[in-house]
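Notes to accompany the following structure.
The values are calculated or read from the model by the stated rules, or taken from the named source; none is laboratory data. As the structure is a computational prediction, the values presented were derived from the model and not from experiment. Here Cβ is always computed from backbone atoms with ideal geometry, including for glycine, and neighbour counts include all displayed protein chains. Note: areas computed on protein heavy atoms with side chains; ligands, DNA, RNA excluded. Shrake-Rupley method; radii C 1.70, N 1.55, O 1.52, S 1.80 Å.
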Amino acid sequence: GGILLGIGAGKLLAESYGFGGWLMQGLLLAAGIAAPLLSAHALVSGRALPAFQELLARRIALREPAVYLTGTTLFAGIPIRVDRRALVPRSPIAELIESGFEPWLGGREVQRALDMCTGSGCIAIATAHYHPHWQVDAADLSEDALSLARENIERLEATNVRLVHSDL
């Protein structure tokens with residue numbers, strides 16, 4: 001058995017960007033299942049059910065962003081570790097990265113990119129992933145944020161990303 005997350009009968013709607021959706025997505029990512037953003041409904045069953053219920057209770061009690069509870073989110077289709085050392089990655093830049101920054105680049109050749117205030121490193125990592133021939137510098141003032149970015153860069157083997165500690 002399991003529970004269906006949806007409207008009605010006291011059940012929770014798990015919209016793609018709603019906290020139920022983020023909890024489910026994070027739970028799947030934490031379990032090593034790279035899932036696309038959830039559809040409007042999701043099924044929670046088996047051994048995932050207690051973990052989901054615990055995360056939901058913690059979300060309500062602590063009022064923390066769901067991705068801080070799961071420790072993982074997707075950014076431009078890439079699983080990024082997140083925690084209190086950096087802001088939650090929520091940026092329309094992901095769509096620009098995936099589209100090759102068009103039409104803004106207008107077909108111009110790019111060799112280097114700079115991600116200022118990199119936080120978790122999600123923008124720099126996604127840019128490096130989708131544009132492997134680019135060298136991407138990821139700068140931040142916060143040593144804590146750079147530590148989180150470093151963890152993501154190493155885990156995802158983003159060898160064309162360089163961290164820079166800087167007060168821009």
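Taking Leu87 and the conditions (1) under 17 Å from Ile123 (Cα atoms); (2) aliphatic (A, V, I, L, M); (3) in contact with a helix residue (DSSP H, G or I) (Cβ under 8 Å, 6 or more places away or on another chain), which numbered condition does it fall short on, given that it satisfies the others?
All conditions are met except number (3).
Mind counting the residues in the range 101-156 that are in contact with a Phe, Trp or Tyr (Cβ under 7 Å, 6 or more places away or on another chain) and either β-branched (Val, Ile, Thr) or over 14 Å from Phe75 (Cα atoms) (or both)?
5
How many of the residues in the range 126-168 are of a type in the set (Val, Ile, Thr) and touching a helix residue (DSSP H, G or I) at 6+ places or on another chain (Cβ under 6 Å)?
Residues meeting the conditions: 3.
Quick one: Gly100 ticks every box in (1) open to solvent by 70 Å² or more (accessible area, probe 1.4 Å); (2) over 30 Å from Pro50 (Cα atoms); (3) modelled with pLDDT under 95 except a single one, so which number is it?
If we test Gly100 against (1) open to solvent by 70 Å² or more (accessible area, probe 1.4 Å); (2) over 30 Å from Pro50 (Cα atoms); (3) modelled with pLDDT under 95, just (1) comes out false.
Regarding Thr127, is this residue farther than 30 Å from Leu56 by Cβ and in contact with a strand residue (DSSP E or B) (Cβ under 6 Å, 6 or more places away or on another chain)?
yes
For Leu74, all conditions in the list (1) assigned to a strand (DSSP E or B); (2) touching a helix residue (DSSP H, G or I) at 6+ places or on another chain (Cβ under 7 Å); (3) among the aliphatic types (A, V, I, L, M); (4) more than 30 Å from Ala57 (Cβ to Cβ) hold save one; what is the number of the exception?
The one condition Leu74 does not meet is (4).
Give me a count of the residues in the range 76-118 that are touching a Lys or Arg at 6+ places or on another chain (Cβ under 8 Å) and closer than 16 Å to Val164 by Cβ.
0
Being more than 22 Å from Glu64 (Cβ to Cβ) and open to solvent by less than 10 Å² (accessible area, probe 1.4 Å) narrows it down to one residue among Ala113, Ala145, Ala149, Ala126; which is it?
Only one candidate passes the filter, namely Ala126.
Could you run through the range 56-101 and say how many residues are hydroxyl-bearing (Ser, Thr, Tyr) and more than 24 Å from Trp134 (Cβ to Cβ)?
Total meeting the criteria: 3.
Residue check: is Glu54 open to solvent by 40 Å² or more (accessible area, probe 1.4 Å), modelled with pLDDT of 80 or more and not basic (Lys, Arg)?
no
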